[in-house]
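Quick notes on the structure that follows.
Coordinate-derived values only; no laboratory data. Because the structure is predicted, anything quoted here is derived from the model rather than measured. When we count neighbours, we look across all protein chains shown, and the Cβ atoms used for this are built from the backbone with ideal geometry, even at glycine.
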Amino acid sequence: MASVFRTVRFFTKVGIIGGTVYVVYDQELLGNGEQSCEILKKGSTVIPVAVDQWAKYFGVELPDVPKLNVPVAEYWNTGVEATAYFLSAAPTKCNEYSEKGWQYVKNMTNRAQ
């Protein structure tokens, strides 16, 4: 009985993951930033309606979604851009900090003598 449960659980997970990969590929979510922004706009109009329909179907009352004054579409890739900037500047910053550290050690050893 336990092996049947594990098998059903495994195939359920595989189905969910496979369905997610299919939707991501079908909706072209792995495209460029402009496509992602269009999909975000489409999702922001379609998802609340779908959630409301499911809530009515199951008889669940959900709280209203808070309105954000932040335009999400403008900040969609800022984390990626910040990470790319950090990684591109890291070698220069490491060199700069190493030189400052070495200069500090030199100054401290000169003072001690």
Worksheet entry | Cβ-based net charge around THR45, under 13 Å, with every Lys or Arg adding one and every Asp or Glu removing one | 0
Worksheet, complete the sentence: In segment 19-85, the trypsin sites (Lys or Arg not before Pro) that sit in a DSSP loop and have at most 12 other Cβ atoms within 10 Å of their own Cβ are LYS67
Practice prompt. Tell me the Kirkwood hydrodynamic radius of the chain in angstroms, computed as one over the mean inverse distance between distinct C-alpha pairs.
Written response: 20.2
Worksheet item: Using a ≥ b ≥ c from the Cα gyration tensor of segment 31-82 (square roots of the eigenvalues), is it rounded, prolate or oblate, where a/c under 1.5 gives rounded and otherwise the larger of a/b and b/c decides, a/b for prolate?
Response: prolate
